Amino acid sequence: MPATVRLRALQGTPLDDGPTRRVVESTAHALAEREGIDLTSLETSPEGIVLTLEADRIVGLGFLAELRRITNKWYEDKYRDGPLWGTPAPGTEFEFD
C-alpha cells in the first residue's frame with residue numbers, strides 16, 4: 001500500500017526559491033534511489049513537499065525524517081541560517097494522507 005507523506009515549513013515559503021526547491025526534490029529522488037524505495041509522486045508547493053512512496057507508512061515516516069535531516073543540514077551549512085523546515089513541536093512535523 002502506498003504511503004503519502006507531507007513535510008511543511010513551520011513558517012515562510014522556503015520552496016519558493018528555485019535552487020532550494022530543486023535541492024529538496026533531487027535529495028528526495030536520491031534518497032529513494034539509495035534506499036531502494038519507489039518514489040511514485042513528488043509535488044512541491046512554496047511551503048512544503050508531498051511524496052507518495054511504494055512503502056508502508058512507517059517507512060514513509062522514516063523517509064521523511066531522513067529527508068528533513070539531510071535538507072536541514074544542507075540549508076544550515078549553505079546559508080548559515082535555518083533550519084529549513086523550522087523546529088516543530090513533537091509529533092507535528094509529519095502528516096500522512
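Under 14 Å from the 7 Å Cα→Cβ point of S45, by amide nitrogen: which residues of the range 3-19?
Inside the label zone: 5-16.
Could you calculate the contour length gain from L10 to R80, that is, 0.36 nm times the residue separation minus the distance between their Cα atoms, to one decimal place in nm?
Full extension of this stretch gives 23.4 nm more.
How big is the equivalent ellipsoid of the range 1-77 along its three axes, where each semi-axis is √(5λ) from the Cα gyration tensor, reported in whole Å from largest to smallest?
Value: 20, 13, 11 Å, ordered largest first.
With contacts defined as alpha carbon pairs under 8 Å and 6 or more residues apart, what's the relative contact order of the chain in percent?
The normalised contact order for the chain reaches 41 percent.
Can you give the calculated 222 nm mean residue ellipticity of the chain, where each DSSP H run of n ≥ 4 adds -39,500 (n - 2.57) and the sum is split over every residue, rounded to the nearest 500 deg cm²/dmol?
For the chain, the value works out to -14500 deg cm²/dmol.
If you count, for each residue, the other Cβ atoms within 10 Å and average over each peptide, how do 72-83, 41-52 line up from highest to lowest?
So the peptides 72-83, 41-52, ranked by packing, come out 41-52, 72-83.
Averaged per residue, what accessible surface does the chain expose to a 1.4 Å probe, in Å²?
57
Taking all protein chains as present, what is the carbon and sulfur share of the accessible area of the chain, in % to the nearest whole number, probe 1.4 Å?
Percent of accessible area from carbon and sulfur atoms in the chain: 49.
The values are calculated or read from the model by the stated rules, or taken from the named source; none is laboratory data. Because the structure is predicted, anything quoted here is derived from the model rather than measured. Note: ideal-geometry Cβ built from the backbone for every residue, glycine included; neighbour counts use all protein chains shown. Surface areas here come from the heavy atoms of the whole protein model, side chains and all, with no ligands, DNA or RNA. Shrake-Rupley method; radii C 1.70, N 1.55, O 1.52, S 1.80 Å.
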